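Remarks on the structure that follows.
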Amino acid sequence: MPTDFTTDLAVFRDGQEIARKTIRVNDPLAVGGYTFHQNGFGPAPHLVIRDTAGKPLWDAQVPMTDSAGGAPYVTMAVPGRDFGLQLLLTRDDQGRGVVLVLPYEVTGENPDGTPTTRNFAPVTLLRGDTRVSDELGVSLELTDFGEYTLLIAKRDPGQGIVWMAFASLITGIAITFYLPRRRVWARIARDGRVGLVWRSDRYVDVEREFGRLLDDLVAARRPG
C-alpha cells in the first residue's frame, strides 16, 4: 500500500466550485470555515456479483478498510442474499493482486452472543477473472483494482481559542524554564531576630542573589 496517497478534492457551493486542492495526510484543504482532512486510504477492488439470470446484485468498488494479518480485508453483505463475503487482498508469486473471497452464512447465535456461521468454498480472483459458485447461485467478477480515501469535514469555531491556549501554555513553559524560581521564607523571633531560608533552582547564583538580599535588608534596618 502506498505511504503517501494523494486525493484531488474539489468543493462546490450552489453548483459553483469554490476551492480545489490535492490533499494528503496532514495537508488538508480549508475553505469556508471547514477543513477537509484525508483520514486514511487503501485499495478498493471493483467487484461485480450477478445472479444465475445475469442480473447484477453488486457492481461497485469495495473499500477494504480493515486488515487481517497485515493484508487489506473487509466483510460485505450481498444485496438480496442471506450470505456475506469476506474479502482478503494478497499477491501471488508473480506479484499480481489476488482477491480471496470467503463466502459465509450466519446460521445462529452462540450463548455469548457471537454469531455462528457456515463457510462455503473460497473463490480466488485475479483482475478480469469471473468465477461461478453453484453453492451460492451467483457469479463473482473482479473487473479492476481501485483505491479509496477517507475524508473528514470538520468545522471548529473554537479553533482560534484552542491555538491561543496552546500558545499560552508554551509561553508559560518557556517562562518556567528560562526564568528560574526563587523562594524566601522569613521568621521573626520574639526577641526580634529574623531567620531567612532561601530556595531556588540549582542554576541560580545563590551567593550573589541571596547576599544582595541580605545587604538590602541590613541597609533598610539601619537608622537614617
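Could you calculate the contour length gain from Trp185 to Leu169, that is, 0.36 nm times the residue separation minus the distance between their Cα atoms, to one decimal place in nm? The partial results should precede the final answer.
Values: separation 16, 0.36 × 16 = 5.76 nm, distance 2.87 nm.
Computed gain between Trp185 and Leu169 is 2.9 nm.
With an 8 Å cut-off on Cα pairs and a minimum separation of 6 or more residues, tell me the relative contact order of the range 43-147 in percent.
Details: 231 pairs, mean separation 28.5, N = 105.
Computed value for the range 43-147: 27 percent relative contact order.
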Taking the Cα atoms only, what angle lies between the long axis of helix 206-221 and the longest principal axis of the chain, rounded to 10 degrees?
40
Quick one: order Glu105, Glu207 by neighbouring beta-carbon count within 10 Å, fewest to most.
Glu207, Glu105
Magnitude of the Cβ-charge dipole (Lys and Arg +1, Asp and Glu -1) of the chain about the Cα centre, nearest 20 debye, reported as 2080
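Taking only C-alpha pairs under 8 Å that are 6+ residues apart, what is the relative contact order of the chain in percent?
On the way: 367 pairs, mean separation 34.2, N = 224.
Result for the chain is 15 percent.
Using the count of nearby Cβ atoms within 10 Å as a rough guide to exposure, how do Val74, Val206 rank from fewest to most? If you can, show how the numbers build up before the last one.
Details: Val74 20, Val206 13.
Arranged by neighbour count, lowest to highest, Val74, Val206 become Val206, Val74.
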Can you grab the distance from the C-alpha centre of the range 1-45 to the C-alpha centre of the range 147-215, Å, no decimals?
42
Extension reserve of the Arg131-Val197 stretch, reckoned as 0.36 nm per residue once the Cα distance is removed
15.1 nm
Of the candidates Leu150, Leu169, Leu29, which one comes out as most mobile in a Gaussian network treatment of the chain with C-alpha springs shorter than 10 Å?
Leu169
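In percent, what relative contact order does the range 171-210 have, based on Cα pairs under 8 Å that are 6 or more apart in sequence? It would help to have the intermediate numbers written out before the result.
Details: 32 pairs, mean separation 13.6, N = 40.
Computed over the range 171-210, the figure is 34 percent.
Read-outs throughout are calculated quantities, based only on the coordinates presented, and are distinct from any laboratory measurement. Everything numeric here is computed off the predicted structure, so don't read it as measured data. When we count neighbours, we look across all protein chains shown, and the Cβ atoms used for this are built from the backbone with ideal geometry, even at glycine.
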